[in-house]
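This report concerns only the one structure given below.
The values are calculated or read from the model by the stated rules, or taken from the named source; none is laboratory data. Everything numeric in this text was worked out from a predicted model, so none of it was measured. Quick reminder, even Gly has a Cβ in these numbers, built from the backbone with ideal geometry, and neighbours come from all protein chains shown. SASA here: full protein model, heavy atoms, side chains in, ligands and nucleic acids out. Shrake-Rupley method; radii C 1.70, N 1.55, O 1.52, S 1.80 Å.
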Amino acid sequence: MALPVLSSSAVKFRRVLAHFPQELSLAFAYGSGVFRQAGASAEHGETNMLDFVFAVDDAVTWHMTNLVKNRSHYSFLKFFGPKKISTIQRYGAGIYYNTLVPCNDRVIKYGVISTDALIEDLFHWKTLYVAGRLQKPVKILAQSENSRLQAALVSNLKSAVTAAFLMLPESFSEEDLYMQIAGLSYSGDFRMIIGEDKAKVQNIVKPNVAHFQKLYSTILQDCPQVVYKHQLGRLEIDKSPEGQFTQLMALPKTLQQKITALVNPPGKNRDVEEILLQVAHDPDCGFLVHQGISGIVRSSSLVQSAKTILTAGAKKSVTYSLMKLYKMTKGGLKKTS
């Protein structure tokens, strides 16, 4: 199954891409500068910062070339060279961001991640950072013929559906499903307490249901554990212990480990399958899945945010944080007005 590429000329995004080294295994644009969010005007999307992620096979070589082309994008870390930058990239979520970069009369932010780190996150949810971005609609701008990366992209979408099923009731709407999926990578993220609009997930999903359908409709139609009433926008899933056990066994490895750590007392040496069978019979199964996801996101988001002080520099870090706080406050004011 091919990962759906959302239809768009994407000319303005590809013009941005032309400013960077072209050795990319995957490049995509995401966020409110790409997809309109609820409560935002069309003009707002034209002024929002554009967000990009570039996956590269060789991070040292890519940063070396980018330092020649775009040295001003980097903080003081540019003086330490591409090897040190690549080392710092590996911490946290394995991604290195340059933010508040002027480009083609817009302001952009771009993250660089190694192809191997991205594939590991997509398959196993090691950090759920970039994998979480790719569970929501994005604009794919470049993609190499890497069959393992392609398989990982699809696996990530299937895992998102499985995790959402475990946290939803027996019957629910298609929008409920997409809300659950869109919220996965925000579970446990401290920025949702301070720094992000509290209605962020709802704002992402409501205007973009059609885009979510493009990503997930084939997976839902092919899934044997769900009755997908497409015309009604409703779904029904198997919530029996047997059904939940099948879903738990299909979850990414890191999430399984987090769930088993929550249930298995220290010192007891039981295998994962035995513990997940116990969880499948637990009325709090969905809550345990949510806690496991929160544990993954919490640690990676904390380290990644702390890393921003180095990668962006003090001035840009403060500016970026103030922008986030402004958006959060603005969202809160809209909700109470």
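Structure above, values below:
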quantity	calculated
Surface accessible to a 1.4 Å probe, per residue, for the residues of region 140-269, Å²	45
Radius of gyration and Dmax over the Cα atoms of region 89-157, both given in Å	12.9, 38
Virtual spin-label span in nm between Gln221 and Met64, 7 Å along Cα→Cβ	4.7
Total formal charge among the other residues, if their Cβ is under 14 angstrom from that of Thr65, Lys/Arg +1 and Asp/Glu -1	+1
When each of Lys126/Lys268; Lys109/Lys253; Lys206/Lys258; Lys12/Lys214 is checked by Cα-Cα distance, pairs over 27 Å	Lys109/Lys253; Lys206/Lys258
Extension gain from Asp116 to Ser240, taking 0.36 nm per residue of separation minus the Cα-Cα distance	41.0 nm
Per-residue ³J(HN,Hα) for region 250-257, Karplus 6.51 cos²θ - 1.76 cosθ + 1.60, θ = phi - 60°, Hz, x for Gly and Pro	8, 5, x, 4, 4, 5, 4, 5
Of all accessible heavy-atom area on region 24-163, the percent that carbon and sulfur account for (1.4 Å)	54
Gain upon complete extension [Asn104, Asn269; 0.36 nm per residue less C-alpha separation]	53.7 nm
Surface accessible to a 1.4 Å probe, per residue, for the residues of region 84-130, Å²	34
